[in-house]
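Novice: Pasting a structure below so you can have a look.
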């Protein structure tokens, strides 16, 4: 006799068909900074990293992002209600992208939002490809990015980290980087 006393039914998720209209992808440049988010609800702002709420302060902030949001409150309120994910990057954060004198930026991951609807001072991650899901296209974008360098800072940074592939039908992101599992960079052919 089974010891299960209560079973909640969960149907198996629908399997997406390759080649369908839901099989598109958006490839963006993977930015090497720190993950950040801003939640806005009726004029209130909550700031976070990828894993926790952050506040201004030496031990409670994430590379000064919470302080930046506090100092630029009206700009961030211009994003509107919702949860806004992005990358906080620039001087003193990971690669830095040759930004100096404390220059930092916030780039949204949401590339479906029209760029002209963004408040001045908030960017989006660079879109490198939009179209049908295709592993050849992914490889092509990686090769082109390696050859041309970062689209985020084309004038100052030639060693991009990689790409993010957003599969629209699955609503899932995947990353592909130039670094291998040993942390060694891909060598130019």
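Here's the yes/no breakdown for (1) under 18 Å from residue 154 (Cβ atoms); (2) surrounded by fewer than 18 Cβ atoms within 10 Å (Cβ to Cβ); (3) touching a residue at least 24 places away in the same chain (Cβ under 8 Å):
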| residue | (1), (2), (3) |
| --- | --- |
| 71 | no, yes, no |
| 85 | no, yes, yes |
| 89 | yes, no, yes |
| 100 | yes, yes, no |
| 108 | no, no, yes |
| 125 | yes, no, yes |
| 130 | no, yes, yes |
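Novice: Can you tell me which of 74, 103 is more than 18 Å from the chain's Cα centre (by Cα) and at pLDDT 95 or above?
Specialist: None of the others qualify; the one that does is 74.
Novice: What are the residues in the range 40-88 that are at negative phi, out of contact with any helix residue (DSSP H, G or I) (no Cβ under 8 Å at 6 or more places or on another chain) and assigned to a loop (DSSP other than H, G, I, E, B), if any?
Specialist: Selection gives 50, 51, 52, 58, 59, 62, 72, 78, 79, 81.
The values are calculated or read from the model by the stated rules, or taken from the named source; none is laboratory data. Quick caveat, the model's predicted, so the values are computed rather than measured. Note that each Cβ is placed from the backbone with ideal geometry, even for glycine, and that neighbours are counted across all protein chains shown.
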